[in-house]
Every structure is written in structure tokens, then in C-alpha cells.
Amino acid sequence: MRAALRGVLALSVLVGTAGAGTASAGAATAAEADIKDRILAIDGMRLIEEKPVEGYRFFVLGYEQPVDHNRPSEGTFEQRFTLLHKSEDRPTVFYTSGYGVSTSPRRSEPTRIADANQVSMEYRYFTPSRPEPADWSKLDIWQAASDQHRLFDALNDVYDENWISTGGSKGGMTATYYRRFYPDDMDGTVAYVAPNNTNVKNNTAYDRFFRNVSTEECRDRLNGIQREAFLRRDEMVDRYTKWAEEEGYTFELYDSPDRAFEVVVLDFVWAYFQYQDEDDCLKAPKADAPTDELYDYIDQISGFAFYTDQGMLPYTPYYYQAATELGYPTVRTPNHLKGLLRYPDVYHPSEAVPDEIDVPELDRRAMKDIDRWVRKSSSEMLFVNGENDPWGAEPFRVGPRAEDAYVFTAPGANHGANIAQLPQDEKAVATEAVLRWAGVADEARPSARSATGEAAPLAPFDAKLDRPAVEQTPFALPGRLG
């Protein structure tokens, strides 16, 4: 309905201005020059910084949000977001990473496809977008979706063309949850590599993934490194402990370097397939390589620094949500590690949350509700997964009653999968869908079509702006989302 109404309004504007000529252009220029004033006129809005970027205006902003959207009078916090402004007459992409927000300008893939504006919002409770003191019971998927809804509502008077929500990994999950709770806000949603953990007790999907991913030779090489690290545990933990002491890192969350080491090494195979190219697998060291070589390679893939307090504490909001609503993957101990593990409970996400924060039991209804909505009621949804991404073991699926909704998997791709990596026919369908949802499918410009006549992004590639939707961050089991 939103798209249809906008189409009528857009037609009337075109009819009314077709002969306006230079006067209309001058009015548009005046409106463009005033965009900062228009944004700052919104109640609760604060300019933090404006940065130069070619072809756009880029603002870092703060917006006052209720801590509890059910009781808005009981306290507020400032939520940080950025605005990459192209033009008020372009569509807008609402991007979420699900974590903190980058204060450097960047463009998501749908933003480039639709030549759109982009609003990028920091997820609540990630610093500095955290209430003080923090009531952690108000960190849930409905409250976060309500943050998005309220910011959209505030900006929609300025940016009144079509809107598309998007995000990768936890950001893809966030974009999906937003559509579930506020289905009429967006004209479409593109969710990249979004896991769907509906049953944390059933680990068969992940076990099956690791039995079959890539080639047997590759799996054996990585499993051999993992096993050998545990066999050489004492000397590796000694090195880890000395390094942490020298650098000032601590282990209060995991209690000891030995316990953190177990998580680092358990994460190794998962992390490899999440972020690395399978073609490089056999370039990894062999299991009989010197200890320093194995240690350095595991550090390169998993990241020993992340499992210190200093590495993990910035992600407390994620681990809290994984324990309470999002769920997390469980993987049966593989045969090559039997008898080598010491801490069977270390994988639970609550282990990564400081003791002073009360962590309720997992609400098993939350993800089942999302999954049911996606399968039975969703529309204008596109899910893009990577064939070699462990998180794709439990993907979202759309049912026969889901309208204009798609699930595509990029062959050989990892947790950085995107539309550009899809087979040509699926890439064309996905690109056409983004353009259609953005309300710009009929734009006739040379860059809008590829050599084969199929849809292509409206904006040319920009190496500075068009960085991956999923940034590589050292995230671990349970919940290495990135």
C-alpha cells in the first residue's frame, strides 16, 4: 500500500513539474542546501559531526529514544546513527549491522543498486548508545525494532520516497525482526547471511554442515590443526598467558587463559569457513608444523586477543541477546576432539556476559515466532546466504504464502555473501526486486542495464564507499556472527 500510494503521488509531482524548467531546479537546489537544518529540526535530534564525502553529505547524529517504548516517559537515551544523504527525491535504505555503527561513510549493496540515501543505526546498548544506568531487561528484539520504527517515523517526512531495510549477519536478523513487528514501514527487506536459530537443542544442521562443507582433504587439514593445538595445549597456553600479561589483557570473563584458549581453538574451523576462501585451505600449515607456526595461524583465523576481557566486553549486548532470545548454534564434539576438552559449559553465551548482569533463561518462543512469520506472512523479503557459511546451516525459509519473497544461496561464498555473487539468473531477479521495492525500476539510464539487458546497480562502484555489509570481526562460538 505504501508503494502504491507513493506511485500515485510521484506521478502527480511529475505531471505538475514537467514544464517547470529552471525554477524547479533552483527550488530543488535550495531544498538540498537545507537538508541539515531539516534533519536538526526534528525533535530529539542532535548533530554530532558532519564529514565530507564526494557525491553525498554525511552526518553522524544522535536521536533521543525511550529506554522502554512501552513506557516512554520513564527515561531516554541517545541512539547514534549516520546519514549518507544523496537527495530527498531518492529512495532510502535503512541499514543495521546489529552492533555499533561505523562513523565512516559507507554504502550497502542495496544503497548502490537503488542509488539511494542510507540511514545506518547503532543497535541499542552498544556503546555509546546505552542508557545509564542500563536496564538490561529492555534489551530485546521488540525494543530494538521499535527504535528503528521511531527513527523511520521521524525521518519519513524528509525522505518520503520508498524505503528498504537491510543488514548482514546480526544486521540481517535485525532487519527481519523489524519487518516482523512493523511490516508496513518498509517497502522491502534484503537480509544477508541471517541465521535462524529456532531450536538450540537440535544441532544436527550444524553437524551436517561440518561433515560436508568443502572437500574431505580441506576438512582433514583444518581438523588436524585443531586437534594438534589441543595436544600441544600446555605450550600454547603458556605463550598465550605470557603475551596477555605483557600486553595488559585479562581473563575475568573466561576465568583463565586456559579456558579462553579452549574457545579460541574450538572456534578455529568455524571461523575458517565463515571468513576464509576455501581455495586457500590447503595453504594452511600441516598438523606436524612447529608449534609457533600453528599458534600464529590459529591467531590469524580465530584471534587470541578477542577472547580476552578487552576483546569481548564491547559485544556484551550481543551475547546477552544470544542467551535470552536470539539463540545460538550448538555443535556436537567431533570425533577428532574427543577426550581433549576440559570445559563443557564454556560455549554458552551467558559465559561471555559479566556476572553483575542478570541473564534470564532463553525465551524459546521468540525465534519460533519470527520463523513462523517469515514462512507464512512475509512479503518483499530477500534472503542471501553463502554456501560455505556455517551460519547458513539454519537459514530462513519462505513458504508458499509469502509474497514476492526469495531465498538465494551464493555458490562457494562465505559469510560475506551478497547479490553480486549469485548466479546470473538469481542476481537478475534479486536486483530487479531491489529496484522495484525502491520504486526506481523504471529509471532509464545507461548504467541501469548490464550488457545482457538485465538489471544492474544504478550507481557505479566506489571502492571507498562500497565495503562489505558484513565486517570481519573476531566472533566466537557460540555466536560468531560478525
Using a 1.4 Å probe and ignoring any ligands, DNA or RNA, find the accessible area of LEU362 and quote it in Å² to the nearest 10. 40 Å²
Which order do the peptides 176-183, 422-429 take when ranked by the mean count of other beta-carbon atoms within 10 Å per residue, highest first? 176-183, 422-429
Accessible area of segment 161-260 with a 1.4 Å probe: how many percent of it is carbon plus sulfur? 39 percent
In nanometres, what is the gap between the two model label sites at ASP345 and ASN202, each 7 Å from Cα along Cα-to-Cβ? 2.7 nm
Rounded to the nearest 5, the percent of DSSP beta bridges in the chain running antiparallel is 50 percent
Considering amide H positions built from the backbone, and no H for Pro or chain starts, which residues 5 or more places from VAL93, or on another chain, come under 5 Å of its amide H? ASN117, GLN118, VAL119, ILE164
Each label sits 7 Å from Cα toward the beta-carbon; between LEU282 and ASP34 the label points are separated, in nm, by 6.6 nm
With GLY188 itself left out, Lys, Arg at +1 and Asp, Glu at -1 over residues whose Cβ is under 10 Å from its Cβ give -1
Name the residues of segment 123-165 whose amide N is less than 19 Å from a point 7 angstrom out from the Cα of TYR406 along the C-beta direction? 163-165
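Residues with beta-carbon under 13 Å from that of THR204, excluding THR204: net charge, scoring Lys, Arg +1 and Asp, Glu -1?
Working: positive: LYS201, ARG208, ARG211, ARG332; negative: ASP207, GLU394.
Here the count lands on +2.
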Write down the accessible area per residue of the chain in Å², having rolled a 1.4 Å probe over the full set of protein chains. 43 Å²
Shape verdict for segment 252-318, please, from the Cα gyration tensor: rounded (a/c under 1.5), prolate (a/b greater than b/c) or oblate. oblate
Run the count for the chain, please: Lys pairs, Cα-Cα under 19 angstrom, 8 or more apart or on different chains. 9
Where the accessible area of segment 331-405 is counted over protein heavy atoms with a 1.4 Å probe, how much of it, in %, is carbon and sulfur? 42 percent
Could you tell me whether segment 340-417 comes out rounded, prolate or oblate from its Cα gyration tensor? Rule is a ≥ b ≥ c as square roots of the eigenvalues, rounded for a/c under 1.5, then prolate if a/b exceeds b/c, otherwise oblate. oblate
Length gained when the stretch ASN335-LYS242 is fully extended (0.36 nm per residue, less Cα-Cα span): 30.4 nm
Under 5 Å between amide H atoms, partner at least 5 residues away or on a different chain: which partners does PHE251 have, H built in plane at 1.01 Å? ASP309
Note the angle between two axes, namely the Cα long axis of helix 216-231 and the longest principal axis of the Cα atoms of the chain, as a number of degrees from 0 to 90, rounded to the nearest 10. 60 degrees
Computed from the beta carbon distance with a Förster radius of 25 Å, FRET efficiency for ASP255 and ASP369 to the nearest 0.05 stands at 0.10
Taking a ≥ b ≥ c as the square roots of the eigenvalues of the Cα gyration tensor of segment 41-162, is the shape rounded (a/c under 1.5), prolate (a/b larger than b/c) or oblate? prolate
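The values are calculated or read from the model by the stated rules, or taken from the named source; none is laboratory data. These figures come from a predicted structure and were not determined experimentally. Please note: Cβ atoms are built from the backbone with ideal geometry, for glycine as well, and neighbour counts cover all protein chains shown. With ligands, DNA and RNA removed, areas are computed over all heavy atoms of the protein, side chains included. Shrake-Rupley method; radii C 1.70, N 1.55, O 1.52, S 1.80 Å.
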